Amino acid sequence: VPNKYRILLEENIGRTSTALNQIELDLLRTLPNNFHYHNPDDKGIVMLRRVLVAFSWYKPDVGYCQGLNRLAAIALLFLDEEMSFWYLVTVVQCFMPDGYYGNQLIASQADQRVLKDLMAEKLPKLTSFFEYYKVDYSPVTFNWFLTVYVDTVPTETMLQIWDSFLYEGSKVLFRYAIALFKSNEEQLLKLDNPSAIFSQIRRMGKLAYDPQRLSQIAFRELHSFPMRIVNQKRILHTRQVEVWLMLHNWQPLPSRCCLQAEQQEVDRDRQRYYKSRQHPSDNDNDTTEQS
């Protein structure tokens, strides 16, 4: 429909929804180290609000989900406002499985189970190590997947991942997650307590400064990644998640809490960032600040 984006915004002026309330809460949490999104009146924040609001009316079955703000924000750094809206629609409708950003995050939760299956196949030693220390990495990887690595790895690495994502589809979420674990496997195996292990897992993304090496691991060293197998696992685990939801009377999934925990950490990072701006350090060379 011509001018669909403009029509969505104009026809819904004055309407309220829970999605709109959540959007307002998340706007200033988006890409906290990027100057386009620092203040409520910044042009980036104004455009981001419109894109997310329009999307919430266009996809009422999704509305708004934490993670969509980062996808839209990164698009606005490269595309105009309307194109960013359609980019967000395309990612949700065409690149990600149905239900990935829905109210219960069913497909997102299923993908975390698929990842654990693939980790056991590709990195059995590290998987046994995590099981021994009872370390659950899904609070971190859930956020990686939901945001397609936006603001979780350095900018150059993120762009490399997105090139692969737009070419090959959501299968690359698993490739790069396992590649990150493989590139840190030796260091992780030296640790001997759950807290230190989990802290290292949380740092892995931010330390991935070599996108070429990471891609080499993801596409060469991990060998075959048949989409047919990934899809079979997704179907199986989606059914299991749906059963889990029914047995628990459709209560929010644990991974929703995981994302909220990650968002709280983003808020803390934002506070640390502003303190560093007041007391600049010579070591501050984060590329996302200049994006």
Output for region 11-20, where each listed residue is more than 14 Å from Arg49 (Cβ to Cβ) and open to solvent by less than 100 Å² (accessible area, probe 1.4 Å): Gly14
Enumeration of residues in region 218-252 that are among the polar types (S, T, N, Q) and not in a loop (DSSP other than H, G, I, E, B): Asn231, Gln232, Thr238, Gln240
Spans of helices (runs of 4 or more DSSP H) in region 130-217 with at least 1 residues open to solvent by 60 Å² or more (accessible area, probe 1.4 Å): 155-168, 171-183, 185-189, 194-204, 211-216
Among (1) open to solvent by 10 Å² or more (accessible area, probe 1.4 Å); (2) touching a helix residue (DSSP H, G or I) at 6+ places or on another chain (Cβ under 6 Å), the one test that Ser84 misses: (1)
Extreme residue, surrounded by the fewest Cβ atoms within 10 Å (Cβ to Cβ), among residues of region 223-241 that are in contact (Cβ under 8 Å) with a residue 24 or more places away in the chain and under 22 Å from the mean Cα position of the chain (by Cα): Met227
Test: residue in region 117-124 that is among the basic types (Lys, Arg), part of a helix (DSSP H, G or I), touching a residue at least 60 places away in the same chain (Cβ under 8 Å) and open to solvent by 10 Å² or more (accessible area, probe 1.4 Å): yes
Residues of region 49-92 classified as within 23 Å of Thr16 (Cα to Cα) and free of Cβ contacts under 8 Å to residues at least 24 places away in the same chain, total: 1
Residue list for region 98-117, filter: more than 14 Å from the chain's Cα centre (by Cα) and under 19 Å from Asp61 (Cα atoms): Asp98, Gly99, Gly102, Asn103, Gln104, Ile106, Ala110
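The values are calculated or read from the model by the stated rules, or taken from the named source; none is laboratory data. Here the structure is a predicted model, which is why all the values come from computation and not from measurement. Cβ sites come from the backbone with ideal geometry, for glycine too, and all protein chains shown count toward neighbours. Heavy atoms of the whole protein, side chains included, go into the accessibility calculation; ligands, DNA and RNA do not. Shrake-Rupley method; radii C 1.70, N 1.55, O 1.52, S 1.80 Å.
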